[in-house]
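**Q** One structure coming up, written as structure tokens, with questions to follow.
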Amino acid sequence: MRTLGIETSCDETSVALLEMKGGVSAVRGQFTASQVLDHAEYGGVVPEVAARLHVQALPAIMRRLGLGSKDVDGIAITRGPGLITSLRVGVDFARGLAWAWKKPIVGVNHIEGHIAANFIGSDVRRQMSDVFPAVVLVVSGGHTEIIFMKNFGRYERLGSTLDDAAGEAFDKVAKMLDLGYPGGPAVSERAEKGDPERFILPRPMLSAPNFDFSFSGLKTAVLYTIQRKEKWNARDIDDLCASFQKASVDVLVAKTVRAAHAKKARTVFLAGGVAANKMLRERLAAECQMSDVRCRLPDLQYCTDNAAMIAMAGSFRLARPLSSRAKSRDDWKMLAPDPNWEL
Ligand code: KG4
Ligand code: ZN
């Protein structure tokens, strides 16, 4: 089965063709038009600008992918969460294509897409039979959640952030330090060179008896640290980035591993843009190994927003009979596509 994935939930326009053959998934082509430079001067995504750029980019990258109706068995489109004006562009485009090509279409939850990135390029049939139950740490620009996953499409949210998302905290710290947008990669690059023990920062909610997070206190602590010191040289900035990164990673990793124990999970998955963070990947893998839990990390190229992950999640959903797509109302509410899409 060949699934065309389309992603326009925020500031990346992406299309990809994913093929499932003998239970193995493979990306046959992907084109992504990033709007990062267009939004950089505003220090964040401008929804109206984003929507207009999606309109321009979609036909262009589809042409580069070079598909006709005979190359595709189904279409998967991100239906949310995301910026409504951006989502609208992709959804309308995908619906038009599905109508013209007479193909089935499925709306994919963006977070489920990030989770599905863990299955790209692997023997999915084998994975499915031995990775569950799993605990997923979802860390993106808009979400920070720990999810218990009984199977693909069966989710229970164990905890989430009470305020800022992890990626948002990275972005805001980058802004305070004038490191540009998007901030995550910039902060982690500076952190590589810094001393993570130089500045004392809090580990919010580390010992709270739940799986929730809070990053706004940590962000404010960084702000106060900046205000307390008059002159900042490059070395100081490296050290502050390293200290902030370590404080964030400490909490994310500890709570995820604790959740894996509590739920007797066989596997821990990492998902979302912040999954590209080197320290988070290394620490999570190491702590899982010490706890005898398998750790699965998405390929670096499929961590931040991309269409291959939407095609992957979509192909799971397109392959299943309608009746098995949602087992409970909670599943629908949280991650499953709007049922109306599939009728
Ligand atoms: O998943 P994503 O592409 O978009 C959302 O769905 O939100 O995630 C983007 C977020 C941004 O906040 C970005 O700063 C962060 O992921 N990010 C990183 C890294 N690469 C991207 N954060 C920390 N370290 C990184 N290497
Ligand atoms: Zn995302």
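**Q** Taking Rh as the Kirkwood radius computed over C-alpha pairs, what is the Stokes-Einstein D of the chain at 4 °C in a medium of viscosity 1.567 mPa s, expressed in µm² per second? All intermediate terms of the calculation are to be shown ahead of the outcome.
**A** Values: Rh = 20.5 Å.
The calculation lands on 63 µm²/s.
**Q** Highest mean first, what order results for 46-58, 280-292 on Cβ atoms within 10 Å? Before the final figure, lay out the partial values.
**A** Working: 46-58: 17.9, 280-292: 16.1.
Going from most to least packed, we get 46-58, 280-292.
**Q** Does anyone have the angle between helix 278-290 and the longest principal axis of the chain? Alpha-carbon axes, 0 to 90°, nearest 10?
**A** 90
**Q** Which of LYS70, LYS150, LYS264 moves most in a GNM of the chain, Cα contacts under 10 Å?
**A** Sorting by GNM fluctuation, first place goes to LYS70.
**Q** Pairing the Cα long axis of helix 84-101 with the longest principal axis of the chain, what angle in degrees results, from 0 to 90 and rounded to the nearest 10?
**A** Result, in degrees: 20.
**Q** What are the ³J(HN,Hα) couplings of the stretch 122-134, residue after residue, when phi is run through the Karplus curve with 6.51, -1.76, 1.60 and θ = phi - 60°? Round to Hz, x for glycine and proline.
**A** 10, 7, 4, 4, 5, 3, 4, 7, 9, 9, 9, x, 10
**Q** If you don't mind, there's one more thing I want to ask. Would you please put 176-189, 134-147, 94-107 in order of how densely packed they are, using the mean number of other Cβ atoms within 10 angstrom per residue and starting with the highest? Please report the intermediate quantities before stating the final value.
**A** Numbers: 176-189: 18.8, 134-147: 25.1, 94-107: 16.7.
Highest-to-lowest ranking by the protection proxy: 134-147, 176-189, 94-107.
**Q** Report, in listed order, any pair from LYS172/LYS264; LYS150/LYS246; LYS193/LYS264; LYS193/LYS229; LYS21/LYS263; LYS21/LYS255 with a Cα-Cα distance greater than 25 Å.
**A** Details: LYS172/LYS264 35 Å; LYS150/LYS246 30 Å; LYS193/LYS264 37 Å; LYS193/LYS229 20 Å; LYS21/LYS263 33 Å; LYS21/LYS255 37 Å.
Listed pairs above 25 Å: LYS172/LYS264; LYS150/LYS246; LYS193/LYS264; LYS21/LYS263; LYS21/LYS255.
**Q** Follow-up. In the chain, with Lys and Arg counted as +1 and Asp and Glu as -1 at Cβ, which of these residues, SER129, CYS295, GLY68, has the Cα nearest the positive end of the dipole, that is, farthest along it?
**A** The residue sitting most towards the positive pole is SER129.
**Q** Quick one: accessible area per residue over the chain, 1.4 Å probe, rounded to a whole number of Å²? Provide the component values of the computation, followed by the final result.
**A** Details: 14850 Å² over 343 residues.
Here the residues of the chain average 43 Å² of exposed surface.
**Q** Now for a separate question. Along the charge dipole of the stretch 75-206, which of PRO81, GLY96, ILE147 sits closest to the positive end, that is, farthest toward it, with unit charges on the beta carbon of Lys, Arg, Asp and Glu (+1, +1, -1, -1)?
**A** Final value for the positive-end residue is GLY96.
**Q** To continue, here is another question. With each label point set 7 Å from Cα along the Cα-Cβ vector, what nm distance links ARG125 and LEU300?
**A** Label-label distance for ARG125 and LEU300, simple model: 3.3 nm.
**Q** Evaluate the stretch 212-292: find the radius of gyration of its Cα atoms, find its Kirkwood radius, and give the ratio Rg to Rh.
**A** Working: Rg = 15.3 Å, Rh = 14.4 Å.
My calculation of the ratio gives 1.07.
**Q** Under a crude label model (7 Å from the Cα following the beta-carbon direction), how far is LYS175 from ASP163 in nanometres?
**A** Label-label distance for LYS175 and ASP163, simple model: 1.4 nm.
**Q** With +1 on each Lys and Arg Cβ and -1 on each Asp and Glu Cβ, how big is the dipole of the stretch 254-324 about its Cα centre, in debye rounded to the nearest 20? Please list the in-between numbers first.
**A** On the way: 12 positive and 5 negative charges, 65 e Å.
My answer is approximately 300 debye.
**Q** Follow-up. Between helix 47-65 and the chain, what is the angle of the helix's C-alpha long axis to the longest principal axis, kept within 0 to 90° and rounded to the nearest 10?
**A** 50
The values are calculated or read from the model by the stated rules, or taken from the named source; none is laboratory data. Note that the coordinates shown come from a computational prediction; the quantities given were computed from them, not determined experimentally. Positions of Cβ are generated from backbone atoms using ideal geometry, with glycine treated the same way; all protein chains shown enter the neighbour counts. Calculation scope for accessible area: heavy atoms of the full protein, side chains included, ligands and nucleic acids excluded. Shrake-Rupley method; radii C 1.70, N 1.55, O 1.52, S 1.80 Å.
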